[in-house]
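Just so it is clear, none of the values below were taken in a lab; they were calculated from the coordinates. None of the values given here were measured: they were computed from a predicted structure. Note: ideal-geometry Cβ built from the backbone for every residue, glycine included; neighbour counts use all protein chains shown.
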Amino acid sequence: MLLEVKNLNKTYHAGKVDFVALRNINVSVKKGEFIAFAGPSGSGKTTLLNCIGCLDKGESGSIFLDEIDLMQKKPVELAQIRKESFGFIFQTYNLFPVLTIAENVEMPLKLLRRNSQEEINSAVSSILARVGLKNMENRKPLELSGGQQQRVAIARALIKKPKLILADEPTANLDSKNGEAVVDLMKELNEKEGVTFIFSSHDKMVMKRAGKVYNMHDGELVKQERL
């Protein structure tokens, strides 16, 4: 099993108010799956993705990635695991506007410090071609459409070949045509190359293409659907 979440709980403490974000979450994800956490705003789906991706930490329970319990790791260890094992796709793209497309995409490899610049350049050209952005290396993000910017974000998430890609509402800022194209691209990468995706979304286009949908409400998993 690639990922196992067991009895995960998370509460945010804001002054005198406690907000329970996750309640006793149990999820298993195999390599190569394409799954989604669905639910309205405040249901806990983004918090769950953040806990899985070491961007946040639960209060109790376990998260096993390749049998390593992330909940038992120190912050510096979690930072290294996050850098090596996860790719992230955000609804607002989170690209650096002053950098070129190539510079945005190469960032994960630069952080890992394992490749020569020649190897990085080759990898960037290859991954941009795969997401339909060939010969756009020198453009800036604001010179691209929203759909193209999200493709850059997908390329950035893929370039280091992570174990798992976490996509948080990746179609929320796209029109239906671009949203469908982006989801179809991710589904193609999943089917042809075995890339594992976990989404948080309430987009019906994502739901239709997911192999499994976990419906969330008030921090709980209320229903699982196999599609």
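Tabulated data for the structure shown
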{"item": "Built amide H within the under 5 Å cut-off of residue 21, gap 5+", "result": "10, 11, 12"}
{"item": "Taking 64, 197, 96 and counting other C-beta atoms within 10 Å, the order from fewest to most", "result": "96, 64, 197"}
{"item": "Gyration tensor verdict on the stretch 68-227 (Cα atoms; rounded if a/c is under 1.5, prolate if a/b is larger than b/c, oblate otherwise)", "result": "oblate"}
{"item": "GluC sites (Glu not before Pro) within the stretch 1-84: DSSP coil, no more than 10 neighbouring Cβ in 10 Å", "result": "67"}
{"item": "Local electrostatic count at residue 125 - Lys and Arg +1, Asp and Glu -1, tallied over other residues with Cβ under 12 Å", "result": "-2"}
{"item": "Net charge of neighbours whose Cβ lies under 9 Å from the Cβ of residue 44, counting Lys and Arg as +1 and Asp and Glu as -1", "result": "+1"}
{"item": "Residues 201, 116, 28 arranged by fewest to most Cβ contacts within 10 Å", "result": "116, 28, 201"}
{"item": "Residue order, fewest to most surrounding Cβ atoms within 10 angstrom, among 100, 196, 171, 92", "result": "92, 100, 196, 171"}
{"item": "Residue-by-residue Karplus 3J(HN,Hα) for the stretch 9-26, coefficients 6.51, -1.76, 1.60, Hz, glycine and proline x", "result": "10, 8, 10, 9, 10, 10, x, 8, 10, 9, 10, 7, 8, 9, 10, 6, 7, 10"}
{"item": "Neighbour count of at most 10 Cβ within 10 Å plus DSSP loop: longest trypsin sites (Lys or Arg not before Pro)-free window in the chain", "result": "114-227"}
{"item": "The chain - share of DSSP beta bridges that are antiparallel (%, nearest 5)", "result": "55"}
{"item": "Cα gyration tensor category, rounded, prolate or oblate, for the stretch 79-126 with a/c compared to 1.5", "result": "oblate"}
{"item": "Cα gyration tensor shape for the stretch 177-219, rounded if a/c is under 1.5, else prolate or oblate", "result": "oblate"}
{"item": "Estimated vicinal HN-Hα couplings, Hz - the stretch 176-187 in sequence order (Karplus 6.51, -1.76, 1.60; Gly, Pro = x)", "result": "4, 5, 5, x, 5, 5, 5, 5, 4, 4, 5, 5"}
